[in-house]
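Some notes on the structure that comes next.
Values in this text are rule-based calculations from the coordinates and carry no lab data. The shown structure was predicted, so the numbers you read here are calculated from the model rather than taken from an experiment. No Cβ is skipped: glycine too gets one built from the backbone with ideal geometry, and neighbour counts run over all protein chains shown.
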Amino acid sequence: MSSEHPVQVIAVTGGKGGVGKSNVSINLSVCLAEKGRQVVLLDADLGLANIDVLLGLTPKRNLEDVLAGECSLEDIMLEGPAGVRIIPASSGTQKMTMLGAMEHAGLIHAFSELADQLDVLVIDTAAGISDSVVSFVRAAHEVLVVVCDEPSSLTDAYALIKLLNRDFGVERFRVLANMTRSTQEGRNLYSKLVQVTDRFLDVTLQYVGHIPFDDSLRKAVQRQRAVVDLSPRSKSAMAFRQLADKVDLWPLPSTPRGHLEFFVERLVQGA
């Protein structure tokens, strides 16, 4: 594997469940693929996978089979909209949520085979701040924290940022407001979060915008499609495209941090 090819690894996280992380991960991935990027979307919710469900896909095998040595990552990948390749996790298996260092290492080895054929790896993390979430997030190059207008969303996002900063030295976070009713609501959410992080932590937050709540998004979920695919002209779809334009301009990691091996090594050390 050549390590000349930097891969942007973006962890989409948020602390709390129900903030729309998986929808953000899917639509951002599709928009980046439409821009010509080779995108792989990893469902890293190792206990309650849902990317395949949200897109109406039926995986025959998943990450558990890769870890068991029964097949390669290539074998389990599903084709999503715009050519996004999806790595499904297993759903409802407790075993997957308790991976040991060896299994994490296996996961990592599996990924290093992919590096040459991808530009962006989007990781849809689980809810909460479990070891698995922390491993994936601290191994990523960019951390996109999704918040919505619920008190527990901000407190959980803060708890996640604090943990990553205090225990693992992560200093930079991008913040996306999701399911907003107005542009102002998104800005307000971001301001509230910054007020707390500025007081208690040494971190840099950057606001990357907001995704408005619209009916098209609800319909897309019901129909198991990405909203950018089903209703490309809807407000939420346009907001996802704007987000992808910004993400596309984020600086590519320079060595060694940007290589997939590094991502994988960090993952394993995290275990």
Pairs of Lys in the chain closer than 20 Å at Cα, counting only those 8 or more apart or on different chains: 13
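Is it possible to state the helix-based mean residue ellipticity at 222 nm for the chain, with each DSSP H run of 4+ residues giving -39500 (n - 2.57), the sum divided by total residues, to the nearest 500 deg cm²/dmol? What is it? Intermediate results must be reported in sequence, preceding the final value.
Numbers: 12 runs with 122 residues, N = 271.
Per the formula, -13500 deg cm²/dmol.
Express in nm, to one decimal, how much length is gained between residue 58 and residue 194 on full extension, taking 0.36 nm for each residue of separation and deducting their alpha carbon distance.
Details: separation 136, 0.36 × 136 = 48.96 nm, distance 4.04 nm.
Stretched fully, the residue 58-residue 194 segment lengthens by 44.9 nm.
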Distance from the stretch 1-66 to the stretch 205-226 (C-alpha centre basis), Å: 16 Å
Order of 5, 210 under a 10 Å beta carbon neighbour criterion, fewest first: 5, 210
